[in-house]
Amino acid sequence: MQTSSNKTSKTSNKHCLIDVEHLSVHFEGYKALDDISFQVDEGDFVYVIGPNGSGKSTLLATLTGLLEPTSGKVRVDTKGGIGYLPQKLFNKRNIPITVEEVIYSGFDKQYLHIKEVQRKQIEKWLHTMQIEHTLKMPIDKLSGGQQQRVYLIRALINKPRLVLLDEPTSALDPGFRDHFNQLLESLHRLGITILYITHDLHEYQDENKKVLYVDQKIHYYGSVKEYKCIHEGGHTHV
Ligand code: ADP
Ligand code: MG
């Protein structure tokens, strides 16, 4: 992955954090992504949508550098850090790793002992995510929804400038989902740039956010408002 730290988008004065040009990712000849180009500016909130198997997770994994482009260029400004929540969570049984250790691995640097200031941060986040009792528990003893909360904390703990979330609410119950979406709103208001893979656009009211509709190619990239106008009635499930 190439990184660029001082690039400005051609279409606005905002700082360009992600610049994808003619990106293709193939798996044994299958085109998961086929010649896509788009940019994301600092402060953007982009919903990435598309049917199952349309290349959404492949796109986010390529932005993090976990997957290499087959062709094309991906430039991500990594200054300020990236928080990433993958769709498939690490879930090896019999590895005695605790919730605290999983979250701690999300910090830039680890020391021999967790610093007091870091422990306080971890405890605060566990409280925000309503799982404070899990601190010392092995991660594999938690329910799917609790694990998802832990990995969300891991993605956010370092206050990254850019956050990439792959279906972050899939295992969360509806009540907590609302709470989590409000939390993301507050992070966005602080200026954090967010790419968010979801299937449920209708839940989200802020029509100034962006939608990136991917299905091998980019089928739409623009505001939620315009997207909803095109797709009658405002209720969209992909
Ligand atoms: P989405 O997240 O939109 O559901 P994915 O990006 O996970 O879709 O997958 C896009 C396509 O690429 C699917 O057909 C999937 O089977 C295929 N694919 C994804 N990862 C791999 C891989 N590591 N090896 C082979 N095929 C893959
Ligand atoms: Mg996926």
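Put Tyr47, Tyr213 in order of accessible area, highest first, and with a 1.4 Å probe you get Tyr213, Tyr47. With the largest listed first and rounded to whole Å, the semi-axes of the equivalent ellipsoid of the range 104-184 from the Cα gyration tensor are 21, 15, 11. Of Glu28, Glu167, Glu226, which is the most mobile in a GNM of the chain whose springs link Cα atoms less than 10 angstrom apart? Greatest mean-square fluctuation among the candidates belongs to Glu28. Placing +1 on the Cβ of every Lys and Arg and -1 on the Cβ of every Asp and Glu, with nothing else charged, gives the range 89-159 a dipole about its Cα centre of roughly 60 debye. Springs join every pair of Cα atoms under 10 Å in this Gaussian network model of the chain, and among Lys56, Lys88, Lys31 the largest mean-square fluctuation is at Lys88.
Quick check: at a probe of 1.4 Å, how many percent of the accessible area of the chain sits on carbon and sulfur atoms? Ligands and nucleic acids excluded, carbon and sulfur reach 51 percent.
Probing with 1.4 Å while keeping every protein chain in the model, the per residue accessible area of the chain equals 51 Å². Between Ile194, Ile218, Ile153, the GNM of the chain built on Cα springs shorter than 10 angstrom shows Ile218 fluctuating the most.
Take the Cα radius of gyration of the chain and divide it by 2.2 N^0.38 Å, N being the number of residues; the result is 1.02.
The values are calculated or read from the model by the stated rules, or taken from the named source; none is laboratory data. Note that the coordinates shown come from a computational prediction; the quantities given were computed from them, not determined experimentally. Note that each Cβ is placed from the backbone with ideal geometry, even for glycine, and that neighbours are counted across all protein chains shown. Just the protein is used for accessible areas: all its heavy atoms, side chains included, with ligands, DNA and RNA removed. Shrake-Rupley method; radii C 1.70, N 1.55, O 1.52, S 1.80 Å.
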